[in-house]
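One structure is given below, represented as structure tokens, and several questions about it will come after.
The values are calculated or read from the model by the stated rules, or taken from the named source; none is laboratory data. Remember, it's a predicted structure, so these values are computed and weren't measured experimentally. Cβ coordinates were reconstructed from backbone atoms using ideal geometry, including for glycine residues, and neighbour counts include every protein chain displayed. For accessibility, only protein heavy atoms count, side chains too; no ligands or nucleic acids. Shrake-Rupley method; radii C 1.70, N 1.55, O 1.52, S 1.80 Å.
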Amino acid sequence: MIGKLCLSAAALMIGAGGLGADDAKEVSKFDKVMGKYERSGETRRCVSPARLKGSRILDDTHILFQVSPKKAYLNTLPRQCRSLNIHDAITYTVRGGQLCTNDTFRVLDMTLTPGASCSFGTFEKVTKKSTDSGEKSNGAAAEE
């Protein structure tokens with residue numbers, strides 16, 4: 001019935017109540033991380049993989065690619081990539097020197113065996129929010 005989710009088939013058999021709890025956890029992880037960023041609405045089809053310093057899987061439809069301590073790209077997948085958040089690791093091949101919308105990646109399980117194949121969506125530029133939002137010590141503002 002659910003062949004791609006063999007590892008979590010038992011959990012899925014518990015019922016919709018269990019799925020709701022998992023979905024809430026995924027949403028809160030996304031909200032927690034993205035609460036630290038300002039979304040620009042500015043999207044790109046491609047990014048240079050040489051500029052990417054790391055990635056963080058937020059849920060089954062969002063991957064955050066870090067560019068610098070203050071800048072990142074949020075990739076919103078065109079479709080849910082089941083098991084992405086469960087395994088929390090991906091592998092991809094760069095073709096033409098760019099990582100682009102519709103390029104595919106594979107989800108890696110805990111043994112680093114490639115699993116589900118999914119496609120990247122658009123890359124939205126996001127920037128880290130300032131940590132001095134009204135909380136200034138000794139009346140001095142910290143500028144960077």
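Is there a residue in the stretch 13-30 that is within 18 Å of the chain's Cα centre (by Cα) and modelled with pLDDT of 80 or more? Spell out how you get there, then give the answer.
First, the residues of the stretch 13-30 that are within 18 Å of the chain's Cα centre (by Cα): 22-30.
Cutting the leftovers down to modelled with pLDDT of 80 or more gives us 29-30.
Yes; the residues of the stretch 13-30 include at least one that is within 18 Å of the chain's Cα centre (by Cα) and modelled with pLDDT of 80 or more.
Further question: Among the residues of the stretch 57-67, which ones are under 13 Å from Lys128 (Cβ atoms) and either modelled with pLDDT under 95 or in contact with a helix residue (DSSP H, G or I) (Cβ under 6 Å, 6 or more places away or on another chain) (or both)? Before you say what the answer is, go through the steps one by one.
In the first step, residues of the stretch 57-67 are kept if they are under 13 Å from Lys128 (Cβ atoms); the result is 64, 66-67.
Result: Val67, single match.
While we're looking at this one, here's another question. Quick one: is Val67 open to solvent by less than 30 Å² (accessible area, probe 1.4 Å) and free of Cβ contacts under 8 Å to residues at least 24 places away in the same chain?
Numbers: open to solvent by less than 30 Å² (accessible area, probe 1.4 Å): yes; free of Cβ contacts under 8 Å to residues at least 24 places away in the same chain: yes.
So Val67 passes the test.
I would also like to ask the following. Can you pull out the residues in the stretch 82-108 that are outside any strand (DSSP E or B), over 18 Å from Ser48 (Cβ atoms) and open to solvent by less than 70 Å² (accessible area, probe 1.4 Å)?
If we filter the stretch 82-108 for residues that are outside any strand (DSSP E or B), which is where we start, we get 82-89, 93-94, 96-97, 101-103.
Narrowing further to those that are over 18 Å from Ser48 (Cβ atoms): 82-89.
Hits for the stretch 82-108 are Ser83, Leu84, Asn85, His87, Ala89.
Considering the stretch 119-144 alone, what residues qualify as being modelled with pLDDT under 95 and either in contact with a helix residue (DSSP H, G or I) (Cβ under 7 Å, 6 or more places away or on another chain) or among the β-branched types (Val, Ile, Thr) (or both)? Reasoning before the result, please.
Applying the first criterion (modelled with pLDDT under 95) to the stretch 119-144 yields 129-144.
Thr131, the sole residue that qualifies.
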